[in-house]
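Down below is the structure, laid out as structure tokens.
The values are calculated or read from the model by the stated rules, or taken from the named source; none is laboratory data. This one's a predicted model, so the numbers in the text were calculated from it and none came from an experiment. Don't worry about glycine lacking a Cβ; one is built from the backbone with ideal geometry, like all the others, and counts go over all protein chains shown. Surface accessibility is based on the protein's heavy atoms, side chains included, excluding ligands, DNA and RNA. Shrake-Rupley method; radii C 1.70, N 1.55, O 1.52, S 1.80 Å.
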Amino acid sequence: MLYRLLQALLCLLIFALPATAAAPIEPKIAGMTKMTGFFPLYWDEAHGKVWLEIPRLGEELLYVVSLPAGLGSNDVGLDRGQLGEERIVRFERIGPKVLMVMPNQRFRATSTNPAERRAVRDAFAESVLWGFTVAAESNGRILVDATDFVVRDGHGIVERLKRTKQGTFKLDPSRSAPYLESTKSFPDNTEMEARLTFTSDDPGNYVRDVAPEPGSVTLRVRYSLVRLPGPGFVPRSYDARSGFITTNYADYATPIGESIERRLITRHRLQKKDPSAALSEPVKPIAYYLDPGTPEPVRTALLEGGRWWSQAFEAAGFKNAFTVEMLPEGADLLDVRYNVIQWVHRATRGWSYGASIVDPRTGEIIKGHVTLGSLRVRQDYLIAEGRLAPYGSGAGVISERDPMLSMSLARLRQLSAHEIGHTLGIVHNFAASTTNRASVMDYPAPLITLGADGLPQLDQAYATGIGEWDKVAVRFGYSEFPTGTDDRVAGAEILNAAEKRGLRYLSDQDARPVNAAQPLANLWDNGPDPLTGLKTEMAVRKVALTRFGTANIRPGRPLALMEDVLVPLYLGHRYQAVGASKMLGGLDYSYSLRSEKAQPLKAVPGAAQRAALTALIATVSPEALRLPVSVRTLLPPRPLGYPQTRELFDGYTGSVFDVYAPAEVASGMVFSLIAEPERAARLSYQKDFDPTLPDLSEVLTRVTAAVWQSPPARDRYDAALQRVAQQSWMDALLDLASAPKNAPAVRAAVYQHLDGLGSWLGRNAGADTSTQAHRRLMHRDLQQFLAREYEPKKKETELAVPPGEPIGQSEELDGRTLRRHTREALLQPLVGEP
């Protein structure tokens with residue numbers, strides 16, 4: 001009883017004591033290094049601590065996490081300069097705590113009724129991102145210890161390493177600390193950075209490829225607090241035909257009957273000094289700055305290509321509105337005040353990106369940040385070497401005007417413009433190549449043709465200058481409409497006029513999947529139609545392969561390096577083949593809006609579909625699959641110091657180059673496109689509505705007749721190539737028959753076809769022993785497949801496809817096999833740039 005009485009008295013005494021006020025800030029920061037700015041910072045050298053002064057509570061600001069120093073692996077994707085997601089936050093104080101609160105911007109009520117806005121706010125969760133403890137305060141200013149906030153994995157590095165199968169890493173606090181060189185504060189932004197070390201007992205191969213000590217990986221993470229833009233920016237409504245990136249949110253104050261989804265385009269703030277003038281200088285131009293770490297001649301090419309955009313802004317009514325210059329000395333590439341073009345190195349060739357920091361409330365772009373992979377230019381040079389065989393005379397000295405370098409720099413100009421375009425808010429236009437290369441926002445393959453001398457020429461490989469579609473996009477997104485104008489009506493007028501001029505716009509969802517139905521939307525293609533493009537590419541490829549040999553590599557280099565040049569040449573037709581395959585069961589359509597003149601879907605005419613099939617079959621003929629004599633007779637195993645890489649052909653012959661592996665890869669690639677399940681379904685259906693179109697049975701019959709039932713070649717090498725193609729077609733048919741999601745009509749047609757092929761194989765044993773053995777094996781495999789009641793296991797002997805995008809290897813592709821992952825192998829599914 002006495003104990004309980006004393007306990008109660010103690011509680012009363014505690015609650016009766018006045019609350020202890022926090023100490024004032026000034027004595028607390030005495031002796032520390034002060035960094036004055038948006039949110040003042042203090043560095044405590046004695047204790048290794050970063051202190052953050054919060055001058056105002058409740059004010060919304062932008063919080064951004066980024067990666068100033070990366071891993072250097074394209075496969076893992078932790079690149080130098082990588083931006084994380086931007087988030088609006090505010091600081092709230094609750095007693096001794098200060099919380100960093102992230103309001104929910106995805107659900108809003110744009111209403112003048114506070115209760116209506118509060119109802120939506122309280123209906124959806126907010127997020128508290130961090131909690132601080134008040135250490136001192138003076139006149140409403142609060143000081144908190146931000147060290148633990150800064151020295152942490154705020155960029156999700158551990159999760160990224162785990163997701164890319166690089167092992168279980170953890171942050172080691174004993175080897176991590178604030179990075180003072182980049183911890184600073186400016187009037188509109190405060191930057192806090194840390195050097196972080198992550199450790200693992202079993203790091204993955206990608207980490208081992210780049211880290212000096214794979215078990216100890218040190219990166220840097222930046223935390224930016226940024227003042228939100230002031231008033232004056234006018235959000236602009238999105239049109240599905242415009243080709244712009246969007247900022248979306250649900251507006252619960254929308255009248256019933258209208259869409260609750262609000263879509264705004266992302267764009268920079270740009271205003272005319274003289275709104276009444278047709279052509280006016282801006283109040284403030286959009287300025288971009290190039291990484292001073294960019295070497296020549298790349299530096300000049302990137303500056304020139306980036307400046308092309310001034311043409312588009314002039315077409316939108318702005319004079320001197322867009323500039324690209326070198327980054328001022330001492331400026332920080334990740335400083336939010338600078339739009340930058342960053343030159344980034346990786347251990348392997350990889351993607352380039354155009355990222356932005358955007359105000360989620362309005363869609364206003366605050367900072368554009370371009371990342372250009374430095375090895376891309378070398379891949380273009382390699383592509384050019386494969387076409388030209390330029391080292392054939394003397395010591396292999398290239399003239400002062402190096403045509404391979406000229407082509408590579410032309411591509412860099414286009415790449416600079418392309419990635420900047422993304423940071424202006426513009427998305428890909430993969431139909432632009434069909435209308436005279438109308439946009440830098442396409443993925444351009446080098447347009448290499450045969451000259452009057454019958455040899456490949458590079459003069460028109462890449463376009464110069466901004467495209468006509470790009471001007472349309474900038475006019476839609478940046479034109480200053482008169483006050484009171486409905487931006488949806490004004491924007492629609494611009495896009496309607498573009499449609500009348502024949503400018504097409506189709507983006508990623510219609511181009512990246514190889515099973516897509518729109519043949520005019522393709523990556524890495526050229527020309528008004530994919531069939532013509534495929535024929536042109538095959539003609540150039542034929543000439544280049546005929547001339548292929550030691551003249552394709554510089555004197556003094558190992559002969560084994562011929563394979564490095566061979567791969568992008570031999571498989572150079574892969575993207576045009578994708579486009580041609582989309583003609584089978586293909587449809588022509590656009591992102592049209594409801595109107596009196598809405599265009600119906602149009603099937604690709606039957607004659608065009610059959611012509612595309614003929615062209616695809618031609619790519620798997622012995623003539624097309626044949627390797628030049630120089631490769632078969634001169635290409636030795638790779639010497640010490642030049643290991644086998646994923647950039648080369650897989651094979652069955654060990655260290656010796658497998659002369660049939662390229663044919664298996666190329667034929668399997670094409671057959672997997674023809675026998676793609678969704679494409680097969682469209683082929684099965686289309687003749688029901690138009691008897692002039694081919695159906696799936698006709699397509700399968702034509703391919704089998706060309707591949708299996710044509711007379712065996714007399715040349716033993718060509719006969720062996722025929723057998724390789726036959727094996728690939730059989731594999732494609734079995735894959736189609738066993739696809740997990742298959743239309744009933746497809747299953748019926750393909751099983752009927754397999755029955756017929758099995759009967760033919762049973763009746764036609766072949767004349768020579770090689771043909772007999774091959775046909776017996778195929779017949780037995782087919783009979784076993786038709787008899788089995790379970791899903792057959794994939795063979796482990798399938799050959800991997802070398803990387804194909806002209807710009808790099810995707811993490812989805814590595815370690816995958818040809819037939820099992822045709823879609824991933826042919827086209828990179830991630831959002832990224834060439």
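Data overview
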read-out: Stokes-Einstein D (µm²/s) once Rh is taken as the Kirkwood radius of the chain over alpha-carbon pairs, at 20 °C in 1.002 mPa s; value: 71
read-out: Descending Cα extents along the principal axes, segment 235-366, whole Å; value: 58, 43, 28
read-out: Whole-number D in µm²/s for segment 120-217 (Stokes-Einstein; Kirkwood sum over Cα pairs; 37 °C, 0.692 mPa s); value: 202
read-out: Karplus (6.51, -1.76, 1.60) ³J(HN,Hα), θ = phi - 60°, over segment 607-622, in Hz, Gly and Pro reported as x; value: 4, 5, 5, 5, 5, 5, 5, 4, 5, 5, 4, 5, 6, 10, 6, x
read-out: Linear extension gain, ARG152 paired with LEU405, 0.36 nm per residue minus alpha-carbon span; value: 86.7 nm
read-out: FRET efficiency, 1/(1 + (r/R0)^6) with R0 25 Å, evaluated for SER138 and GLU59 via beta carbons; value: 0.90
read-out: Percent accessible area from carbon and sulfur atoms, the chain, protein chains only, probe 1.4 Å; value: 54
read-out: Amide hydrogen neighbours beyond the local backbone of VAL283, cut-off 5 Å, H modeled; value: GLN271, LYS272, LYS273
read-out: Computed Kirkwood radius, in angstrom, where 1/r is averaged over Cα pairs of segment 642-762; value: 15.9
read-out: Nonlocal amide H pairs with VAL440, under 5 Å, H built at 1.01 Å; value: GLY467, ASP470
read-out: 29 Å Cα-Cα reach of LYS184 towards lysines, excluding residues that sit fewer than 8 places from it in its own chain; value: LYS28, LYS34, LYS49, LYS97, LYS170, LYS284, LYS367
read-out: Between segment 199-261 and segment 681-740, the alpha-carbon center distance in angstrom; value: 45
read-out: Linear extension gain, GLU304 paired with GLU623, 0.36 nm per residue minus alpha-carbon span; value: 110.6 nm
read-out: Residue-level accessible surface for VAL474, protein heavy atoms, 1.4 Å, Å²; value: 0
read-out: The chain: relative contact order in percent, alpha carbon pairs under 8 Å with at least 6 residues between; value: 10
read-out: Per-pair calculated FRET efficiency, R0 = 30 Å: ARG763 and GLU789 via Cβ, rounded to 0.05; value: 0.65
read-out: Angle in degrees between helix 716-737 and the longest Cα principal axis of the chain, rounded to the nearest 10; value: 50
read-out: Set of lysines near LYS535 by C-alpha distance (under 29 Å), chain-local residues within fewer than 8 positions excluded; value: LYS582, LYS602, LYS687
read-out: P(r), alpha carbons of segment 570-674 - 10 Å bins starting at zero, rounded %; value: 12, 32, 24, 16, 10, 5, 1
read-out: For LYS471, solvent-accessible area (1.4 Å; no DNA, RNA or ligand), Å²; value: 50
read-out: Amide hydrogen neighbours beyond the local backbone of PHE38, cut-off 5 Å, H modeled; value: PHE186, ASP188, ASN189
read-out: Cα-Cα P(r), segment 483-560, percent of pairs per 5 Å interval; value: 3, 11, 12, 12, 12, 12, 10, 9, 6, 4, 3, 3, 2, 1
read-out: Distance from segment 636-663 to segment 328-357 (C-alpha centre basis), Å; value: 36
read-out: Net lengthening on full extension, ARG776/ALA115 (0.36 nm per residue, minus Cα-Cα); value: 230.1 nm
read-out: Per-selection metrics, segment 54-163 (Cα): Rg and Dmax in Å; value: 17.4, 51
read-out: Per-residue SASA entry for VAL472, accessible area with 1.4 Å probe, Å² rounded to 10; value: 10
read-out: Centre separation in Å (Cα based) which lies between segment 159-180 and segment 74-126; value: 26
read-out: Spin-label model distance (nm) - ARG208 vs GLN509, 7 Å beyond Cα toward Cβ; value: 4.2
read-out: Globularity ratio of segment 210-309, using Cα Rg and 2.2 N^0.38 Å; value: 1.67
read-out: Vicinal HN-Hα couplings computed from phi for segment 162-168 (Karplus, 6.51 cos²θ - 1.76 cosθ + 1.60; Hz; Gly/Pro x); value: 5, 5, 8, 6, 9, x, 9
read-out: Degrees separating the helix 744-763 axis from the principal Cα axis of the chain, which is the longest one; value: 30
read-out: Label-point gap, in nm, between ALA713 and LYS602 - each point 7 angstrom along Cα→Cβ; value: 3.9
read-out: Karplus-derived 3J(HN,Hα), 6.51/-1.76/1.60, for each residue of segment 78-90, Hz, glycine and proline x; value: 8, 8, 4, x, 5, 8, x, 6, 7, 9, 7, 9, 8
read-out: Order of exposure, largest accessible area first, which applies to SER259, SER216, SER73 with probe 1.4 Å; value: SER259, SER216, SER73
read-out: Between 0 and 90°, nearest 10: helix 468-478 axis offset from the chain longest Cα axis; value: 20
read-out: LEU559 paired with ALA497, simple spin-label distance in nm, labels 7 Å along Cα-to-beta-carbon; value: 6.3
read-out: Relative frequency of Cα-Cα separations exceeding 15 Å in segment 416-484, percent; value: 59
